[in-house]
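Take a look at the structure below.
The values are calculated or read from the model by the stated rules, or taken from the named source; none is laboratory data. In this text the structure is predicted, and so the values were computed from the model without any measurement. Cβ coordinates were reconstructed from backbone atoms using ideal geometry, including for glycine residues, and neighbour counts include every protein chain displayed.
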Amino acid sequence: RGFIYPITFTRKIHQNKPRPSKTLAGSDSVIVFPLLSTVHQISDLALHTDFEIMGGGGSRALICVLLTLLILAFFSSGFTPVDNYLIDCGSPTNTTVGDRVFVSDDSASLFLSTPKNNLASSSKSVTSGDESPLYQTARIFDGTSKYSFSIRQPGRHWIRLYFNPFVSGSYDMSSAIFDVSTPNHVFLSNLSVKTSVVKEFSANVTSKDLVITFTPSGNSFAFLNALEVVSVPDELITDDAETFNPAGRFKGLSWQALETVYRVNMGGPTVSFENDTLGRTWIPDKSFLLGNNLAINVSNIAAVKYVGGGATQDSAPKCCVWYCH
């Protein structure tokens, strides 16, 4: 008998070089369970088949599991990001989503270098999803384009990319093929977006500027609906982790760039970014759980304690840590 709290599954990002896959199905991956650390291979994990991560040609993906058993405070975090860039691409006005304000495309133009100023607006109203206000407009990149952000506090940052393909004039965004990269990493290679999606990455930024490059493939184009570059609390991802099979230590984790694959609220409901002080969305575990009859949902607010040297207040929102399986 055991129990498990909220978990975040992330994937290790490769260094900046061309890769053939349409999304980040790289050979190395990281699974993060917010704070007791472990590294493991995917072949030793009994996970739902929908959760398998395979590399090109069916090769086995290596999974690094950062296992973190949570004992958390349920009080709201007071973390305020030093760097906090929120942009609603293509929008003529600022857009409020929850308690966050995404600035208009015009206000963010000073961050952008692009060969052509091409903005698009959907003729159809997007009404579903927490991020739907951000999906009404987009910026189209006909050539290599770059966003450059001044970084006031070096360290790990979230890079969130919002995509919602629609047709605008001669541009059918569902046919776009492009790469997204930084000087050190390729986040997305030969990306083709068919439905609305948020791609979330985190990277350790040590330079004074973070440059995000959008590169169309061949005669295609790139597009983006919204963009976030936000500081991450230093303690959220530790530098090392205990390993098992074989036992040992994995060091240098804080220098890895990661892609979020799933963020799961074990035994609890969906938690939108509006209820997470770090802007994260947590999904229920029902679709991943095998043997539902063997799992019991437990909720006990009084049992939640903060332990020094363990998980921090930012590891998961209070409405997640009330629940477990």
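Of note:
- From the list L191, L210, L227, the one residue that fits, being assigned by TED's automatic domain parsing to the domain that holds L161, crowded, with 19+ Cβ neighbours inside 10 Å, over 26 Å from V101 (Cα atoms) and not charged (D, E, K, R), is L191.
- Subset of region 81-117 [in contact (Cβ under 8 Å) with a residue 40 or more places away in the chain, under 18 Å from D172 (Cα atoms) and not small (G, A, S)]: C89
- The residue list A247, A257, A302 contains one member that is among the hydrophobic types (A, V, I, L, M, F, W, C), loosely packed, with under 12 Cβ neighbours inside 10 Å, at pLDDT 70 or above and not assigned by TED's automatic domain parsing to the domain that holds R156, which is A247.
- Scanning region 128-157 for residues that are hydrophobic (A, V, I, L, M, F, W, C), closer than 17 Å to F111 by Cα and buried (at least 22 other Cβ atoms within 10 Å of the Cβ) gives A138, I140, F141.
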